[in-house]
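Data block below; observations after.
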Amino acid sequence: MRYLQLLISAALTAILAIALLSESSVSELAEILRETDLSYLGLFVFCSLSGLLLRALRYHLMLRAMQPLEAPGFFRTLLVTGIRNAFVDFLPARLGELSYLYFMRRLGVSVATGLSSFGLALLLDIMALAVVAVVFACTGTLLNERSMFPAIGMLGVFFG
């Protein structure tokens, strides 16, 4: 059964790669990669991995606080968080959020605990976005680059 799942996964990955390359040639993709500034790419990878680690840590701490005996280890929580992030980007209308609940349930976390940690994380995300929206509203339009500096400073003071 595991081999069948691995085969299906590899087939889906191949189908997605073919679909991606059907829109552009391999030479175009290679040209894009050659022209990419490695410092920006490195910064992007660093920020992405930092966000993944922090989100996984948040889920892990919430799960341990809610049900210490049910909480999976940090590495498993990190894997579930990474899968959740991929599904959120892949599926429409944020249906990928359900993958968090599904995989937590597979790890032995009760539905109530999974829903509670998910709901609390969603509430914290909404509160953080509200703060960012207020900061941008107070400092001017998001499209004006000069307004970004006071906004970043205000966020640093608020969260620092």
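The values are calculated or read from the model by the stated rules, or taken from the named source; none is laboratory data. Because the structure is a prediction, the values reported are computed rather than measured. Quick reminder, even Gly has a Cβ in these numbers, built from the backbone with ideal geometry, and neighbours come from all protein chains shown. Quick note on the areas: whole protein, heavy atoms, side chains included, nothing else; ligands and nucleic acids left out. Shrake-Rupley method; radii C 1.70, N 1.55, O 1.52, S 1.80 Å.
Of E28, E35, which residue is at pLDDT 85 or above and of a type outside the set (G, A, S)?
So the residue among E28, E35 that is at pLDDT 85 or above and of a type outside the set (G, A, S) is E35.
Find the residue count for the range 39-75, including only residues that are over 15 Å from the mean Cα position of the chain (by Cα), of a type outside the set (F, W, Y) and assigned to a helix (DSSP H, G or I).
As a first pass, look at the range 39-75 and keep what is over 15 Å from the mean Cα position of the chain (by Cα): 39-43, 61-75.
Narrowing further to those that are of a type outside the set (F, W, Y): 39, 41-43, 61-73.
After this cut, where a residue has to be assigned to a helix (DSSP H, G or I) as well, the list is 39, 41-43, 61-66.
Count: 10.
For the structure I just gave you, tell me whether L78 is among the aliphatic types (A, V, I, L, M) and within 17 Å of L115 (Cα to Cα).
Taking the combined requirement at face value, the residue does not satisfy it.
Report the residue count in the range 89-124 for those that are free of Cβ contacts under 8 Å to residues at least 40 places away in the same chain, of a type in the set (A, V, I, L, M) and not in a helix (DSSP H, G or I).
3
Mind listing just one residue for me: the one in the range 122-143 that is more than 25 Å from the chain's Cα centre (by Cα) and open to solvent by 60 Å² or more (accessible area, probe 1.4 Å) and, of those, modelled with the lowest pLDDT?
Among those that are more than 25 Å from the chain's Cα centre (by Cα) and open to solvent by 60 Å² or more (accessible area, probe 1.4 Å), it is T141.
Could you check, for the range 70-78, whether at least one of its residues is under 30 Å from L16 (Cα atoms) and exposed (fewer than 14 other Cβ atoms within 10 Å of the Cβ)?
The answer is yes, given that some residue of the range 70-78 is under 30 Å from L16 (Cα atoms) and exposed (fewer than 14 other Cβ atoms within 10 Å of the Cβ).
Give all pairs with beta carbons closer than 8 Å in which a residue from the range 43-62 that is surrounded by fewer than 17 Cβ atoms within 10 Å (Cβ to Cβ) meets a residue that is modelled with pLDDT of 90 or more and small (G, A, S); count only pairs at least 6 apart in sequence or on separate chains.
L52/G82
Which residues, taken from the range 12-31, are surrounded by 10 or more Cβ atoms within 10 Å (Cβ to Cβ) and under 24 Å from the mean Cα position of the chain (by Cα)?
L12, T13, A14, I15, L16, A17, L20 - these are the residues of the range 12-31 that are surrounded by 10 or more Cβ atoms within 10 Å (Cβ to Cβ) and under 24 Å from the mean Cα position of the chain (by Cα).
When you check Y3 against the structure, is it in contact (Cβ under 8 Å) with a residue 40 or more places away in the chain, in a helix (DSSP H, G or I), under 30 Å from S110 (Cα atoms) and among the hydroxyl-bearing types (S, T, Y), yes or no?
Working: in contact (Cβ under 8 Å) with a residue 40 or more places away in the chain: no; in a helix (DSSP H, G or I): yes; under 30 Å from S110 (Cα atoms): yes; among the hydroxyl-bearing types (S, T, Y): yes.
Answer is no for this residue.
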